[in-house]
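The values are calculated or read from the model by the stated rules, or taken from the named source; none is laboratory data. The structure displayed is predicted, hence computed values, not measured ones. FYI the Cβ positions are ideal-geometry reconstructions off the backbone, even for glycines, and counts take in every protein chain you see.
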Amino acid sequence: MNFRNPVPTVDLIIEMIDQPRRPILLIERQNPPHGWALPGGFVDYGETLEAAALREAKEEISLDVQLIEMFYAYSDPRRDPRQHTLSVVFLAAATGKPQAADDAKTVGFFDLWEFPDPVCFDHGQILRDYRRYRYYRQRPDPHRNYLGD
């Protein structure tokens with residue numbers, strides 16, 4: 001019997017709390033698919049989601065971050081053109097000067113009302129969901145992924 005399962009990933013919405021207006025940190029990807037993305041990546045075997053989020057932040061932006069909460073899980077099979085992934089998104093805070101590393105080409109700071117172009121994967125939707133949560137305290141609709149939106 002051959003089983004195929006989604007691959008677990010984590011993504012982080014990181015607010016830079018030591019900067020005015022608390023911008024969101026995004027990375028410009030060095031590898032395909034190219035564009036801007038939330039820091040994150042694949043969960044290693046034997047690793048917790050939280051440990052993966054902390055590790056990915058350290059690897060991609062060279063910062064230790066503080067995880068605030070688990071925001072939402074995104075599982076649309078089309079979210080990553082490379083394979084079916086599911087991502088648990090964490091809200092995090094950081095201070096300091098990030099440095100692009102690993103598969104991050106550059107690091108940028110962005111206001112929640114002005115996203116760069118292009119944004120990879122489903123990260124544009126994730127950022128819009130976070131903006132709605134941050135300003136209006138509305139969580140993402142859990143039925144959205146099942147209705148084909």
TODO: Please identify the pairs in which a residue from the range 14-30 that is over 15 Å from ALA100 (Cβ atoms) has its Cβ atom under 6 Å from the Cβ atom of a residue that is at pLDDT 95 or above and assigned to a strand (DSSP E or B), counting only partners at least 6 apart or on another chain.
DONE: GLU15/ALA93; ILE17/ALA93; ARG22/GLU15; PRO23/MET16; PRO23/PHE109; PRO23/PHE110; ILE24/PHE110
Task: Residue tally, condition over 19 Å from MET16 (Cβ atoms) and part of a strand (DSSP E or B), over the range 59-103 - done: 8
- [ ] Please specify each residue of the range 106-136 satisfying the condition of being of a type outside the set (A, V, I, L, M, F, W, C) and closer than 25 Å to THR95 by Cβ.
- [x] THR106, GLY108, ASP111, GLU114, PRO116, HIS123, ASP129, TYR130, ARG131, TYR133, ARG134, TYR135
Open item on the list: Can you tell me which condition ARG22 does not meet? The list is (1) of a type outside the set (Val, Ile, Thr); (2) on the phi > 0 side of the Ramachandran plot; (3) within 13 Å of the chain's Cα centre (by Cα); (4) at pLDDT below 95, and all the others hold.
Closed with: (3)
- [ ] Among the candidates ARG79, ARG139, single out the residue that is modelled with pLDDT under 95 and surrounded by 18 or more Cβ atoms within 10 Å (Cβ to Cβ).
- [x] ARG79
TODO: Please indicate, with yes or no, whether at least one residue in the range 40-58 is out of contact with any Pro (no Cβ under 8 Å at 6 or more places or on another chain), buried (at least 17 other Cβ atoms within 10 Å of the Cβ), in a loop (DSSP other than H, G, I, E, B) and modelled with pLDDT of 95 or more.
DONE: no
Open item on the list: Condition first: charged (D, E, K, R) and surrounded by fewer than 12 Cβ atoms within 10 Å (Cβ to Cβ). Can you find one or more residues in the range 116-134 that meet it?
Closed with: yes
